[in-house]
Amino acid sequence: MFQLRGHHLFCLLGYRGMGYSDEYVKNMTRLHQTLRNNPKTLIQLVKGPDQLCEKYPNSGQYHCQDRNIYDRDQPILDKIGLKIGQILNWGDIESCIRKFVVPSDIQILCETCSWRSYGVCEEGIQEIHDWKGLREVK
């Protein structure tokens, strides 16, 4: 089982093999590909730092504890219809995204995210709507 915070559910949709450091990318790719290859993998939704945050590089202020990040987590969970503490499989999370989220929601829910300008998260949501799941990352 993996523990994930709210906004990382969207980050996984947009993930294309880029990140903050080599260690972060390896960790994100491993988790991403596990979910892609086994959508029955269980996820526990948590408040605050999760298993992706564990590998965020220590370069001054700890990004994962920033108030702005917490402020992004809850609205994403609200939009998807999920709650902190829930345990469900990745396939069920994709179903909730398909039901409640459209690609343009990224512009509002992730307004302050530095990765938003790449457009990959909107593409990821569209791929969930098209029943493609997470894309392969090598």
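Bear in mind that the values in this text are calculations on the coordinates, not laboratory data. No experiment lies behind these values; they were computed from the predicted model shown. No Cβ is skipped: glycine too gets one built from the backbone with ideal geometry, and neighbour counts run over all protein chains shown.
Compute the Cα gyration tensor for the stretch 20-91, then decide on rounded, prolate or oblate, letting a ≥ b ≥ c be the square roots of its eigenvalues: rounded whenever a/c is under 1.5, prolate when a/b is larger than b/c in the other cases, and oblate in all that remain. It comes out oblate by the Cα gyration axes. Using the Karplus relation 6.51 cos²θ - 1.76 cosθ + 1.60 with θ = phi - 60°, the per-residue 3J(HN,Hα) values for the stretch 77-82 come to 4, 4, 4, 7, x, 10 Hz, with x marking Gly and Pro.
Restricting attention to the stretch 31-138, which GluC sites (Glu not before Pro) occupy a DSSP loop and are surrounded by at most 12 other Cβ atoms within 10 Å? Before the final figure, lay out the partial values.
Values: sites: E54, E94, E111, E122, E123, E127, E136; in loops: E111, E136.
Taking the stretch 31-138 and a limit of 12 other Cβ atoms within 10 Å, the loop GluC sites (Glu not before Pro) found are E111, E136.
Among the listed values [x] -0.59, -0.97, -1.26; [y] -0.49, -1.03, -1.72; [z] -0.59, -1.11, -1.55, the one computed from these coordinates for log10 I(q)/I(0) by the Debye sum over Cα atoms at q = 0.13, 0.18, 0.22 Å⁻¹ is [y].
Neighbour counts of C-beta atoms inside 10 Å place M1, M18, M28 in the sequence M1, M18, M28, starting with the fewest.
Counted residue by residue at 0.36 nm each, then reduced by the alpha carbon distance between them, the extension gain from D71 to L88 reaches 3.9 nm.
Excluding same-chain neighbours fewer than eight residues apart, the lysines reachable from K99 by a Cα-Cα span under 28 Å are K40, K47, K79, K83, K132. Each other residue within a Cβ distance under 13 Å of L109 adds +1 if Lys or Arg and -1 if Asp or Glu, for a net charge of -3. Averaging the sequence gap over all C-alpha pairs within less than 8 Å and six or more residues apart, then dividing by the number of residues, gives the chain a relative contact order of 34 percent.
Just want the ordering: F2, F10, from fewest to most Cβ atoms lying within 10 Å of their own Cβ. If you can, show how the numbers build up before the last one.
Details: F2 16, F10 26.
In order of increasing Cβ crowding within 10 Å: F2, F10.
Taking 17 Å as the straight-line reach from the Cα of K138, the lysines in range (excluding those fewer than 8 positions away in the same chain) are K26. Between rounded, prolate and oblate, where does the stretch 68-138 land on the alpha carbon gyration tensor, with a ≥ b ≥ c its root eigenvalues, rounded for a/c under 1.5, else prolate if a/b exceeds b/c? Since a/c reaches 1.5 but b/c is at least a/b, the shape of the stretch 68-138 is classed as oblate.
Of the residues I84, I108, I69, which exhibits the maximal mean-square fluctuation in a Gaussian network model of the chain defined by a 10 Å Cα contact cut-off? Comparing I84, I108, I69 in a Gaussian network model of the chain, the most mobile one is I108. For the chain, a Gaussian network of Cα nodes joined below 10 Å ranks S21, S104, S114 by mean-square fluctuation, and the top entry is S114.
Which one, L88, L35, L12, has the greatest fluctuation when you compute a Gaussian network model over the chain with C-alpha springs under 10 angstrom? In the Gaussian network model the winner is L88.
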